[in-house]
Amino acid sequence: METLKEIEKIIGNLFLTTNSSFTGLYYEEEVVFFKTINKEKEKILPELISLLVRKFIKSDDLIGSPEYLFTEGKGYAIFLFNAGDNITLVTVIEGKPNFSLLRLEHDKASQLLKGLSKEIPSILEEKQKEEERKRQEELKKDTEEHTEIPSAKTQTKQQKDQIPEKQEEKRTEKQALKQKETTEKEEIDEDIKELEEIFSSTSEETIDKQEKESIDTNEKVQEQEEVIEEILEEKQQVEEREETPSLEEILLSDEALSEEVNPEIVENIRLKFIEGIGPVGKILFKKVVEKVDINLEKPYRHKVEELIEKLSEEITVESRKEDFLKYCRDLL
Amino acid sequence: MAYSFEEVLQELIRDTGAEGAVLVSPDGLAIASVLPENIDEDRVAAMGAAILSLGERVASELEKGELEQLYVKGSEGYVIFTGIKDFAVLGVLAPSNIKLGLLLMEIKKVIKKLEQQMG
């Protein structure tokens with residue numbers, strides 16, 4: 001930490017004394033620390049310069065070990081200085097460069113860096129780890145944004161917000177269904193009444209009269225009988241509908257019957273999964289959670305079991321998969 | 001034409017004490033060269049083309065114009081590349097004890113000559 005501060009101080013000083021737009025310290029071809037006024041080019045500029053540094057380091061076959069590289073165009077110059085121990089100092093000047101001053105200041109800075117050079121590789125290693133961590137986080141963020149997976153908290157909040165709306169919808173649906181059933185029932189009752197009247201009137205007539213009636217009348221009766229059968233069938237269906245609960249009711253009752261699991265168990269499952277599969281496990285876990293549609297704050301046992309099964313499918317190493325499943329079984 | 005280029009390069013070496021010189025096309029191929037026997041002209045040309053193109057990439061990122069001159073100092077000497085408009089690049093190899101200021105001035109003169117020759 002102290003070394004890094006010292007490096008920052010040396011580079012900062014070089015940045016000021018040379019009046020540069022970019023000053024950086026490279027170990028081999030990797031940038032360790034840099035300062036620039038081109039904030040919008042903070043990413044691309046060090047990377048491009050690293051290519052130049054690589055070529056500079058490798059130019060030893062023609063003129064021996066490289067000491068410095070100076071290049072200039074209209075209104076700018078780039079200066080690379082070999083500070084020894086695989087360290088290269090780079091300065092970009094936007095304006096008229098003073099080559100002698102550049103050499104002098106870089107020489108001074110390289111003298112100051114001599115005592116710190118041994119610690120520079122470890123600083124670079126730490127920096128690369130930090131960058132990797134950031135990259136993973138960005139990747140995670142990107143994945144979340146692209147797959148539009150809301151976070152557990154947001155999801156729960158959204159679900160909570162949706163509950164009153166859903167309840168209202170269900171209530172309205174139930175009312176509409178009841179009304180429909182009542183109307184149907186009334187219509188059927190009316191039909192039956194009418195038919196009973198017809199039958200009763202028919203039964204009051206004498207057999208002689210009936211015989212006198214044309215075959216058409218018999219046919220009519222037959223037709224009416226068929227209609228009655230249909231109506232009775234409809235009535236039976238309505239009665240059955242009254243008795244059979246709706247699919248939603250069944251699901252709700254199943255969920256109600258399902259045992260609730262401590263959310264901490266799911267968190268432990270998540271951690272074990274990440275341990276088994278590596279950092280990418282965080283992203284996969286979220287995807288599987290979304291697939292299984294499990295409420296992480298109020299998980300039901302059957303959902304947790306489904307989650308475990310789906311997660312285990314993602315673990316390719318058999319021994320780890322078994323270990324994960326055993327751990328989850330013990331937890332439950 | 002090749003002979004006259006070589007003549008200019010010979011003159012530069014004689015006047016400055018440089019070890020060799022090479023005229024390279026923008027795509028990195030040698031047009032003419034006067035180099036010590038142990039140095040391959042393609043090696044110098046390739047080195048120049050690679051470093052110049054990288055330098056130009058940095059320049060274009062900074063929204064600046066083309067590189068005019070580039071020199072690399074090594075423990076055994078210098079290699080100096082100077083652009084001749086869009087036509088070519090002049091590469092000069094010089095020992096480490098050379099008077100750099102003098103060499104750069106002579107290179108400027110030669111560039112003017114070469115520009116005239118190339119039209």
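What is segment A:257-331 by shape, rounded, prolate or oblate, if you read a ≥ b ≥ c off the alpha carbon gyration tensor as root eigenvalues and call it rounded for a/c under 1.5, prolate for a/b larger than b/c, and oblate otherwise? In terms of gyration-tensor shape, prolate. Rolling a 1.4 Å probe across the protein heavy atoms gives segment A:257-331 an accessible surface of 59 Å² per residue.
Note on segment A:257-331: dipole from Cβ charges, positive end direction compared against A:L307, A:V261, A:V280; the farthest Cα belongs to A:V280. Using R₀ = 45 Å, calculate the FRET efficiency as 1/(1 + (r/R₀)^6) where r is the Cβ-Cβ separation of A:N262 and A:K114; round to 0.05. Calculated transfer efficiency: 0.15. Here is the interface size for A with B: some 2900 Å² of accessible area buried, both sides summed, with a 1.4 Å probe. In a reduced charge model with +1 at each Lys and Arg Cβ and -1 at each Asp and Glu Cβ, segment A:14-151 shows a dipole moment near 520 debye about its Cα centre. Restricting the trypsin sites (Lys or Arg not before Pro) of segment B:1-106 to loop positions (DSSP other than H, G, I, E, B) with no more than 13 neighbouring Cβ atoms within 10 Å leaves B:K85, B:K99.
Quick one: if you stick a label point 7 Å off each Cα along the C-beta vector at A:S100 and A:T143, how many nm between them? Taking the two extended label points, one gets 5.9 nm. With 0.36 nm allotted per residue and the present C-alpha distance subtracted, the B:E7-B:E66 stretch has 18.5 nm of extension available.
Electrostatic tally near B:Y78: other residues with Cβ closer than 14 Å to its Cβ, Lys and Arg +1, Asp and Glu -1, net -2. What segment B:5-118 shows is 46 Å² of accessible area per residue, with the surface traced by a 1.4 Å probe over protein heavy atoms.
What would the Debye formula give as log10 I(q)/I(0) at q = 0.31 Å⁻¹ for the alpha-carbon point model of segment B:1-51, no solvent? Log10 of I(q)/I(0), two decimals: -1.17.
How big is the Kirkwood radius of segment B:5-118, worked out from every pair of different alpha carbons and given in Å to one decimal? In segment B:5-118 this quantity evaluates to 14.0 Å. Let's test the formula: R0 of 60 Å, r as the Cβ-Cβ distance of B:Q116 and A:K127. What FRET efficiency results, to the nearest 0.05? That pair, B:Q116 with A:K127, gives E of 0.70.
Computed from point charges on the beta carbon alone (+1 for Lys and Arg, -1 for Asp and Glu), the dipole magnitude for segment B:5-118 about its Cα centre is near 400 Debye.
Note on A:D85 and A:D107: their simple-model spin labels are 2.1 nm apart, each label 7 Å out from Cα toward Cβ. When you filter the GluC sites (Glu not before Pro) in segment A:108-148 for DSSP loop state and at most 10 other Cβ atoms inside 10 Å of their Cβ, you are left with A:E148. Our summary gives segment A:257-331 a relative contact order of 38 percent, counting only alpha carbon pairs under 8 angstrom and 6 or more residues apart. For A:N82, the shell of other residues with beta-carbons less than 11 Å away shows a net charge of -3, using +1 for Lys and Arg and -1 for Asp and Glu.
Placing dummy labels 7 Å off each Cα toward the beta-carbon, the span from A:E223 to A:Q136 is 8.1 nm.
The values are calculated or read from the model by the stated rules, or taken from the named source; none is laboratory data. Just so it is clear, the structure is predicted and the values come from calculations on it, not from any experiment. Please note: Cβ atoms are built from the backbone with ideal geometry, for glycine as well, and neighbour counts cover all protein chains shown. Side chains included, ligands, DNA and RNA excluded: accessible areas come from the protein's heavy atoms. Shrake-Rupley method; radii C 1.70, N 1.55, O 1.52, S 1.80 Å.
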